[in-house]
Structures are given as structure tokens and as C-alpha cells.
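The values are calculated or read from the model by the stated rules, or taken from the named source; none is laboratory data. Being a predicted model, the structure only gives us computed values, none of them experimental. Cβ sites come from the backbone with ideal geometry, for glycine too, and all protein chains shown count toward neighbours. The area values use the complete protein model at the heavy-atom level, side chains included, leaving out ligands, DNA and RNA. Shrake-Rupley method; radii C 1.70, N 1.55, O 1.52, S 1.80 Å.
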Amino acid sequence: QVQLVESGGGLVQAGGSLRLSCTASGLTFIKNIMSWFRQAPGKERVFVALIGGNEHTHYSDSVKGRFTISRDNAKNTVYLQMNSLKPEDTAVYYCAATSWGTTPITANEYHYWGQGTQVTVSS
């Protein structure tokens, strides 16, 4: 049974930083592309960042230069370091995994999802 468990969300002021973590179990971690998506109230779930098993990364334009995705294959964990946070970054952040594709940026390309962690950025 595959499980993705996120942690690290919270409330932060604009300009601040947070680090999200997602630990996976039940899958061959290094063979999976790991991603972060986010969903704001009343909006669809959108791509934030991904990292392949070969450390290839890809970011949405809205977070490029502010967020950094990384992974520790020995710990089956993916991280999202979020700096210079803005109120518009407020959302539930989801970790996702897929073993298909090269640069999957749509939610329907992912097989497994975490439960989500809330990030709230106050102005």
C-alpha cells in the first residue's frame, strides 16, 4: 500500500519561509517522479514543482526562483523549500508520485497523492 505523508505546513508572514516534507512508503522511490501541487479554495489543483529520480527539476513560473524542490532517496523523502512567500501562495499543498512520463505537470498524470498540508501566508 502506497502512502505519501506531508508535513511542514503552517502560518507564516509574507516574505517568510517554510519547508515542506513528504515521506513515501510502499513504492520504489527512486523510480518515481515526485511533485508538489497546490489547491487554493475554490480553485483547481495546480502544479508547483517536480523532481525526477535523476534529480531533474521543473517549476511553475509562479514559484520559479523562490521555491526549491529536492529529494533524499535514502529517506524516501521529497522536500519543498519555500522562500519569499506571498499571500497568493496560500493553499493546501499536496505531494504526488508517478512512475510515468518525463515532465508530468497535470494532476491526472499522477497515481499517488498525500493528504495535503495547509500553507497560509498572511499579508
Which of the lysines could be linked to Lys31 by a straight reach, that is with a Cα gap under 29 Å, when you skip same-chain ones fewer than 8 residues away? Lys64, Lys75
Under 8 Å for C-alpha pairs, at least 6 residues apart: give me the relative contact order for the stretch 31-123, rounded to a whole percent. 31 percent
Please report Rg over Rh for the chain, where both radii come from the alpha carbon positions and Rh follows the Kirkwood definition. 0.94
GNM, the chain, Cα, under 10 Å: largest mean-square fluctuation among Glu44, Glu109, Glu55? Glu44
Calculated over the stretch 1-62: convex hull of Cα atoms, volume per residue (Å³): 122 Å³
Farthest toward positive dipole pole in the stretch 12-123 [+1 Lys/Arg, -1 Asp/Glu at C-beta], among Tyr110, Ile30, Val46: Ile30
Probe of 1.4 angstrom, ligands and nucleic acids ignored: what's the accessible area per residue over the chain, in square angstrom? 51 Å²
Quick one: Karplus J couplings for the stretch 116-122, per residue in order, coefficients 6.51, -1.76, 1.60, θ = phi - 60°, nearest Hz, x for Gly and Pro? x, 9, 7, 10, 10, 10, 8
Among the Cα-Cα pairs of the stretch 58-119, the proportion with separation greater than 18 Å, in percent, is 43 percent
If packing is taken as the average number of other Cβ atoms within 10 Å across a peptide's residues, how do 93-103, 75-85 rank, most packed first? 75-85, 93-103
